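Asker: Just dropping this structure here.
The values are calculated or read from the model by the stated rules, or taken from the named source; none is laboratory data. Computed from a prediction, not measured in an experiment: that's the story for all the values here. Cβ coordinates were reconstructed from backbone atoms using ideal geometry, including for glycine residues, and neighbour counts include every protein chain displayed.
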Number of protein chains: 2
Amino acid sequence: MPRPSRERWQRSFSEWFDWALMRAEIYDYGRYPVKGMGIWMPYGFQIRKRVFDIVRELLDSTGHEEVLFPLLIPEWMLAKEAEHVKGFENEVYWVTHGGLEPLDQKLALRPTSETPITYYESMWIQSYKQLPRKFYQVVSTFRYETKATRPLIRLREITSFKEAHTVHESFEDAERQVSEAIDLYRKIFERLGIPYLISRRPDWDKFAGALYTIAFDTIMPDGKILQIGTVHNLGQNFTKAFKFRIQGRDEYFDYPWQTSYGISDRVVAAVISMHGDDLGLVLPPEIAPVQAVIIPIPAKDPSVDPKIIDYAKDALRSLQESLFRVKLDDRPDVTPGEKYYYWDSRGVPVRVEIGRRELDSGTVTLVRRDTLERKTVRLQELPEEVRNLMSQIYDSLYRRSWEYLRQRVSRHASVEEASKALAERGGMVELPWCGKEECANKMAEALQAKVIGTPWPTEPAREGDRCPVCGSSAVTYLRLAKQY
Amino acid sequence: MPRPSRERWQRSFSEWFDWALMRAEIYDYGRYPVKGMGIWMPYGFQIRKRVFDIVRELLDSTGHEEVLFPLLIPEWMLAKEAEHVKGFENEVYWVTHGGLEPLDQKLALRPTSETPITYYESMWIQSYKQLPRKFYQVVSTFRYETKATRPLIRLREITSFKEAHTVHESFEDAERQVSEAIDLYRKIFERLGIPYLISRRPDWDKFAGALYTIAFDTIMPDGKILQIGTVHNLGQNFTKAFKFRIQGRDEYFDYPWQTSYGISDRVVAAVISMHGDDLGLVLPPEIAPVQAVIIPIPAKDPSVDPKIIDYAKDALRSLQESLFRVKLDDRPDVTPGEKYYYWDSRGVPVRVEIGRRELDSGTVTLVRRDTLERKTVRLQELPEEVRNLMSQIYDSLYRRSWEYLRQRVSRHASVEEASKALAERGGMVELPWCGKEECANKMAEALQAKVIGTPWPTEPAREGDRCPVCGSSAVTYLRLAKQY
């Protein structure tokens, strides 16, 4: 049996990813006759659901209210905020006909929902006393992408866009909300064992209509950067565009302040990519649809098999009683080896093997998915041992993935050094920066990389650090990377 | 305080319904600048979520697998099954442009998903050994309705369409699945206290592409019929259209059999309409976002108020510990009367009033939402009493709504009698029927009603019953009603 390996990814992560999605029946991609759209299959759907259960739990517990806004946005509404529509008009799908009739107005499939949500907030909220309000929805959004599409990473139908939208009475309150959102996203990614870097996007690459954008990026197994979450301070841009004013504390009417923040299918892409290996998925136990699978091993003497099955059923019951998501795979016409292969590719954290030896000694053999280490324990200790293993697996996935990321972030004094680091191990490099867009673009060009932004929280440059392009004193550091 | 009344509905149910949706902040309708689309507000979203949690629970526990298919369906795919496209082509929204470019193929917003799902089933399923398979998804579907739209009842964006799709190796198996689906829908509606009638739709009104359609209808407070669920035996119509064949038990390849069944936002519309009264919503406790609200009543002597609040917090804790969804409404600047009005309109099943009298005697006063009956109980008994009240409320809503429906269904020998019954109390009438479409249409015309179908399970006519139009022997009974 091949040992789990992370090295193979670096040769061909993209092939591995496509293979793993199909092999584990996550997301059927590339066969739908519309580019950039695929199908969440039953097993993948359960993973997606558990990831977004975590998102919902954290949002609900911090006063966010789930809502559902229409998919179709009239052209004039999308166009209300000038920067916003400029950013999106080239990548929006348009509905133009109902039945055989042309519609009297073009309707966009939502690319994001700042505009309809602000429109309603202006009707729902009259006074600072009603603030803050925090709304969110989990919906499909659509982008007519011109870049190459990829399953879960760059889709034209983003099937799981969690977009949050908040309203505040002051700039300071909106700033506090940006911090809360960043904390929430930290917690989400921590629970999934996805390591991240937080950057402020450069002004020329912020969300269309925002004052500024903070982004979470992770480093994928091929060394490229994937944006996995963004938080925007929208200022008063949308409230002014929609003439949405409220009565303020000082009795005057004024435009309230907004933030918005989103994460998508990419979270699922990241959790699969970050932890998987040659055998397929390795899932953090919290989101595994099946946390333990019991596999009976037929004995040499077939008359023993019914006893093995009964014993396996005891194990099943004991894990069910402890509320694990557990399956007994007693398919008679499938070999244990085939079953291992099947469940390993699906990332089930713990395998429980039960054969004659286990039956005779009152034990079970546990195999952890991430290391394939085996351990024999007494049947009575099974729930406790599975719980421990699951916690060890999570810790180990978490540590390993953070280590992987940390090894791929470095700060350099010169473009040459940075270039060498990027070529060697991908990831992210940081260079001192004077703050000028022109210098940033030159660095990006020299590195054949993209400007990711500057560290968040903001980090002033050390005395003496100089922009490698223009030589003037640096104000902070610029992050660059090859990006999805 | 106005007593709950159901009579008002019959004067103006439609106004009541619009008022109740806005008053309780369920669904903001009529203000979105695209007809037939609205917004699920936070409170409404929680009700919707709990209704669909029941749907998911029942489907998951019977081997249905949740999936997610694309929204956009290419024109050629929708057109594969000839009857199907004929039924939908006049009411589909078409996406024709991506950004500023025209697309090379028109894409329909899904009106329903038989076509893409059959397309994938044909790739996923090769053999009878993989059958039955049961898929479902909960998605937005779109119909360019030409009829008058109404919130949750006739939308152009149906925001919560649960569509199930199953595949079987034989006609008999598909028939068994139709029965299972009917049983599931019975259970869903029973849990919500929605009474129903099950009919087989006439052949000229079945789902486009089905062999036949079984429908669940309820009778709304204005006496009109609302279709709340349908179950279709699709035969081999879609599998043939998609050349989807499997290896059968007999080694030959053949087209498998399919069923599909759906319910929508209308379930929420029905549960709100069926149980509500003049004060607003009355929710079955299982789906109530707040099951009990605690309202402190200020004392004449304000120095006692902190003690009342502390006592109310004891009550809160005791209900929280028993896992009720409970709120303490201690807003200082709102009168108890305003609070009653607020929570009553939201349908909270149990109100807990706590004032000086309760504080001094170690009791609390409970008011049940459906009857407004009051009852004082000891604080220690609060969780037990709330549990009992909730169960009594459910029983009473259930009984009352079934009684309402039963009183509005009757069988008649003549069109005149039937007409009189319809005029008096709305609902459904049954007339003996020879089976000819022509006679059905004449009955419908005479009654100014719609043909709903025939009783399910099929009921043969009694000896001697004759079709009131042509006078020949009846084969069964025809159901007619005014319908939404």
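Asker: Check whether at least one residue in segment B:245-263 is surrounded by fewer than 24 Cβ atoms within 10 Å (Cβ to Cβ), closer than 22 Å to B:Thr149 by Cα, outside the structural domain of B:Leu422 (by TED's automatic domain parsing) and in contact (Cβ under 8 Å) with a residue 40 or more places away in the chain, and report yes or no.
Answerer: There is at least one residue in segment B:245-263 that is surrounded by fewer than 24 Cβ atoms within 10 Å (Cβ to Cβ), closer than 22 Å to B:Thr149 by Cα, outside the structural domain of B:Leu422 (by TED's automatic domain parsing) and in contact (Cβ under 8 Å) with a residue 40 or more places away in the chain.
Asker: Going through A:Leu71, A:Leu58, A:Leu100, A:Leu109 one at a time, which residue ends up being out of contact with any Pro (no Cβ under 6 Å at 6 or more places or on another chain), at pLDDT 95 or above and surrounded by fewer than 23 Cβ atoms within 10 Å (Cβ to Cβ)? Lay out the reasoning, then the answer.
Answerer: Numbers: A:Leu71 fails: surrounded by fewer than 23 Cβ atoms within 10 Å (Cβ to Cβ); A:Leu100 fails: at pLDDT 95 or above; A:Leu109 fails: surrounded by fewer than 23 Cβ atoms within 10 Å (Cβ to Cβ).
Step by step, each of A:Leu71, A:Leu58, A:Leu100, A:Leu109 is checked, and only A:Leu58 is out of contact with any Pro (no Cβ under 6 Å at 6 or more places or on another chain), at pLDDT 95 or above and surrounded by fewer than 23 Cβ atoms within 10 Å (Cβ to Cβ).
Asker: Ok, one more. Being under 25 Å from A:Gln46 (Cα atoms) and either outside the structural domain of B:Gln236 (by TED's automatic domain parsing) or part of a strand (DSSP E or B) (or both) narrows it down to one residue among B:Thr118, B:Thr141, B:Thr96, B:Thr112; which is it?
Answerer: B:Thr141
Asker: Moving on to the next point. Please find, within segment A:325-349, the residue that is surrounded by the most Cβ atoms within 10 Å (Cβ to Cβ) out of those that are under 13 Å from A:Ala315 (Cα atoms) and within 26 Å of the chain's Cα centre (by Cα).
Answerer: Checking each candidate, the answer is A:Val326.
Asker: Inspect segment B:115-125 for any residue being touching a Leu at 6+ places or on another chain (Cβ under 6 Å) and either modelled with pLDDT under 95 or within 14 Å of another protein chain (Cβ to nearest Cβ) (or both) and give the result as yes or no.
Answerer: Yes: segment B:115-125 contains one or more residues that are touching a Leu at 6+ places or on another chain (Cβ under 6 Å) and either modelled with pLDDT under 95 or within 14 Å of another protein chain (Cβ to nearest Cβ) (or both).
Asker: Going by the conditions given, is A:Pro70 outside any strand (DSSP E or B) and within 10 Å of another protein chain (Cβ to nearest Cβ)?
Answerer: yes
Asker: Right, another one. Out of the strands (runs of 3 or more DSSP E) lying entirely within segment A:204-266, which hold 1 or more residues that are farther than 24 Å from A:Tyr119 by Cβ?
Answerer: Answer list for segment A:204-266: A:212-219, A:225-235.
Asker: Consider A:Gly87 against the criteria (1) out of contact with any helix residue (DSSP H, G or I) (no Cβ under 9 Å at 6 or more places or on another chain); (2) assigned to a helix (DSSP H, G or I); (3) more than 11 Å from chain B (Cβ to nearest Cβ); (4) modelled with pLDDT of 95 or more: it satisfies all of them except one. Which criterion is unmet?
Answerer: Result: A:Gly87 passes all but (4).
Asker: Follow-up. Within segment B:343-365, track down each residue that is over 19 Å from B:Pro285 (Cβ atoms) and part of a strand (DSSP E or B).
Answerer: Selection gives B:Ile354, B:Thr363.
Asker: If a residue must be among the hydroxyl-bearing types (Ser, Thr, Tyr) and more than 12 Å from chain A (Cβ to nearest Cβ), how many such residues does segment B:32-62 contain?
Answerer: At the first step, the residues of segment B:32-62 found to be among the hydroxyl-bearing types (Ser, Thr, Tyr) are B:32, B:43, B:61-62.
Checking which are more than 12 Å from chain A (Cβ to nearest Cβ) leaves us with B:61-62.
Here the count works out to 2.
Asker: Among (1) away from chain A (no Cβ under 14 Å); (2) part of a strand (DSSP E or B), which single condition is B:Pro102 missing?
Answerer: So B:Pro102 meets the others, but not (1).
Asker: Considering each of A:Thr118, A:Thr149, A:Thr141, A:Thr159 in turn, give the residue that is more than 30 Å from A:Glu25 (Cβ to Cβ) and among the polar types (S, T, N, Q). Let's see the steps before the verdict.
Answerer: Numbers: A:Thr149 fails: more than 30 Å from A:Glu25 (Cβ to Cβ); A:Thr141 fails: more than 30 Å from A:Glu25 (Cβ to Cβ); A:Thr159 fails: more than 30 Å from A:Glu25 (Cβ to Cβ).
Residue meeting the stated conditions: A:Thr118.
Asker: Also: Checking B:Thr230 against (1) under 22 Å from B:Ile158 (Cα atoms); (2) surrounded by 23 or more Cβ atoms within 10 Å (Cβ to Cβ), only one condition comes out false. Which one?
Answerer: Checking B:Thr230 against (1) under 22 Å from B:Ile158 (Cα atoms); (2) surrounded by 23 or more Cβ atoms within 10 Å (Cβ to Cβ), the one that fails is (2).
Asker: Can you tell me which residue among B:Ile452, B:Ile393 is touching a residue at least 60 places away in the same chain (Cβ under 8 Å), in contact with a Pro (Cβ under 9 Å, 6 or more places away or on another chain) and within 22 Å of B:Asp217 (Cβ to Cβ)?
Answerer: Answer to the check: B:Ile452.
Asker: Taking segment A:164-197, which residues are in a loop (DSSP other than H, G, I, E, B) and crowded, with 18+ Cβ neighbours inside 10 Å?
Answerer: Applying the first criterion (in a loop (DSSP other than H, G, I, E, B)) to segment A:164-197 yields A:169-170, A:193-196.
Within segment A:164-197, A:Glu169, A:Gly193, A:Ile194, A:Pro195, A:Tyr196 qualify.
Asker: Can you find, within segment A:75-84, the residue that is nearest to the other protein chains (Cβ to nearest Cβ) among those that are surrounded by fewer than 20 Cβ atoms within 10 Å (Cβ to Cβ) and of a type outside the set (D, E, K, R)?
Answerer: A:Trp76
Asker: Determine the pairs where a residue that is closer than 14 Å to A:Asp305 by Cβ and in the same structural domain as A:Ile308 (by TED's automatic domain parsing), located within segment A:323-338, has a partner that is at pLDDT 95 or above and in a loop (DSSP other than H, G, I, E, B) with Cβ atoms under 8 Å apart, the partner being 6 or more residues away or on another chain.
Answerer: A:Pro336/A:Ile297; A:Pro336/A:Pro298
Asker: On to the next question. Take the conditions farther than 30 Å from B:Tyr404 by Cα, in the same structural domain as B:Gln126 (by TED's automatic domain parsing) and assigned to a loop (DSSP other than H, G, I, E, B) and apply them to B:Lys300. Does it pass?
Answerer: No, not satisfied.
Asker: Let me confirm something: among B:Arg387, B:Arg357, which residue is assigned by TED's automatic domain parsing to the domain that holds B:Pro306, in contact with a strand residue (DSSP E or B) (Cβ under 9 Å, 6 or more places away or on another chain) and of a type outside the set (Asp, Glu)?
Answerer: Details: B:Arg387 fails: in contact with a strand residue (DSSP E or B) (Cβ under 9 Å, 6 or more places away or on another chain).
The match here is B:Arg357.
Asker: Right, next: Residues of segment A:126-150 being more than 12 Å from every other protein chain (Cβ to nearest Cβ) and either within 17 Å of A:Leu59 (Cβ to Cβ) or crowded, with 21+ Cβ neighbours inside 10 Å (or both), which ones?
Answerer: The one that is more than 12 Å from every other protein chain (Cβ to nearest Cβ) and either within 17 Å of A:Leu59 (Cβ to Cβ) or crowded, with 21+ Cβ neighbours inside 10 Å (or both): A:Pro132.
Here's the yes/no breakdown for (1) free of Cβ contacts under 8 Å to residues at least 24 places away in the same chain; (2) within 25 Å of B:Glu65 (Cα to Cα):
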site: A:Trp16; (1), (2): no, no
site: A:Leu21; (1), (2): no, yes
site: A:Ala24; (1), (2): no, yes
site: A:Tyr29; (1), (2): no, yes
site: A:Gln46; (1), (2): no, yes
site: A:Lys49; (1), (2): yes, yes
site: A:Glu57; (1), (2): yes, yes
site: A:Thr62; (1), (2): no, no
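Asker: Mind listing just one residue for me: the one in segment B:428-449 that is surrounded by 16 or more Cβ atoms within 10 Å (Cβ to Cβ) and among the charged types (D, E, K, R) and, of those, farthest from B:Ile219 (Cα to Cα)?
Answerer: Filtering first and then ranking leaves B:Lys442.
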